[in-house]
1. From A212, A282, A259, grab the single residue that is part of a helix (DSSP H, G or I), more than 27 Å from F69 (Cβ to Cβ) and under 17 Å from the mean Cα position of the chain (by Cα).
2. What residue, of G224, G239, is within 16 Å of the ligand (Cβ to nearest atom) and modelled with pLDDT of 90 or more?
3. Does the stretch 137-146 contain any residue that is assigned to a helix (DSSP H, G or I) and within 14 Å of the ligand (Cβ to nearest atom)?
4. Scan (1) more than 17 Å from A167 (Cα to Cα); (2) within 15 Å of the ligand (Cβ to nearest atom); (3) not in a helix (DSSP H, G or I) for the single condition E234 breaks and write down its number.
5. Tally up the residues in the stretch 178-210 that are of a type in the set (A, V, I, L, M), within 16 Å of the ligand (Cβ to nearest atom) and in contact (Cβ under 8 Å) with a residue 24 or more places away in the chain, please.
6. I'd like to know if the stretch 119-134 contains one or more residues that are surrounded by 20 or more Cβ atoms within 10 Å (Cβ to Cβ), among the aliphatic types (A, V, I, L, M) and within 16 Å of the ligand (Cβ to nearest atom).
7. Taking only the stretch 87-99 into account, find how many residues are closer than 13 Å to R52 by Cβ and in a strand (DSSP E or B).
Amino acid sequence: MKKKDQAFELRNLKRKIAGGIKTYTVASGKGGVGKTSLSVNLALALGSMGIRTIVLDGDLGLANVDVMFGMYPKYHLGHVISGEKKLSEILVSVQENVYILPGGTGLQDMADLDMTKQVKLIEEFSSLEEYGNVLLIDTGAGIHRSIVVFAIASDSLILVTSPDPTAIRDCYGLLKAVSLSAAASPEVYLIINMAKSNKEALEIASRLQYTARDFLDINLNMAGYILRDPHVEEAVKIGIPFIIADPNCEASKCVIQIARKIFNLENEEGIEEVPTGRGIKAFCMRLLRQLQLR
Ligand SMILES: Nc1ncnc2c1ncn2[C@@H]1O[C@H](COP(=O)(O)OP(=O)(O)OP(=O)(O)O)[C@@H](O)[C@H]1O
């Protein structure tokens, strides 16, 4: 085994002892600000840095993640919940270290399962620990209860907004809804997408940071920005994520910066630590508890 691989195995072992997969909910409030685009390209950036990442398409209405890859998987989480498929059978490998977990409809059905079936489902979900260090949950638009539920159940929330004033307002609205429902102050990262410039992104971020701190007592960590870049649209048209289609475009460079910032890989020397969260079982249990509170 190569020295680098040995180091990676060692870090994975440490992670197993310390905890489990780290879960991140990607949400925005307003639709169309680039959540799916960010989730997919961030996952690919992390995968190429050696962090095994799973993207769960948690948009209960419209599945978008698959479309970004130009693929249409036959099975989704609904088939796992109904017992027709194993979770490992619906995971789609899209690149080394990167998997897509098609959500489809049916997540809400989880709450209606009897206790025995819920326990079985949690066991089934536990198999995700074998595939990933990180679970990114791409959610739909709006400030729906299901999105707040994902945000509270996960270890961390990644908030995305564009410079559009209505998007900023809805982003704050979602943060407020999460803070009102969460028992403790959540770990929250902020990303400004489709920014005209670094200056514009930093100004928006600083306004949101002040408001979140003063009115919600939440520390918003600025994770970075993605410039508005025509390569993003072009990549969507050909069904190839922009970080693969054009790794040197402005948007790709911004996503790599964000990956380094959120996962503490600010220097070029490689991965120091594999992210560790509370694990998939804890996530599932919190999710079920929140779903039952509807
Ligand atoms: N940085 C960017 N530069 C230019 N266009 C972008 C950028 N980010 C996203 N877009 C475009 O904005 C549109 C919406 O992106 P995306 O589908 O990722 O948003 P979303 O927030 O997931 O939407 P929804 O809320 O409907 O799920 C897409 O056409 C995408 O190509």
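1. Going through A212, A282, A259 in turn, just one is part of a helix (DSSP H, G or I), more than 27 Å from F69 (Cβ to Cβ) and under 17 Å from the mean Cα position of the chain (by Cα): A282.
2. Result: G224 is the single residue among G224, G239 that is within 16 Å of the ligand (Cβ to nearest atom) and modelled with pLDDT of 90 or more.
3. yes
4. Against the list (1) more than 17 Å from A167 (Cα to Cα); (2) within 15 Å of the ligand (Cβ to nearest atom); (3) not in a helix (DSSP H, G or I), E234 comes up short only on (3).
5. 7
6. Checked the stretch 119-134: no residue is surrounded by 20 or more Cβ atoms within 10 Å (Cβ to Cβ), among the aliphatic types (A, V, I, L, M) and within 16 Å of the ligand (Cβ to nearest atom).
7. 5
The values are calculated or read from the model by the stated rules, or taken from the named source; none is laboratory data. Because the structure is a prediction, the values reported are computed rather than measured. Cβ: placed from backbone, ideal geometry, glycine included. Neighbour counts: every protein chain shown.
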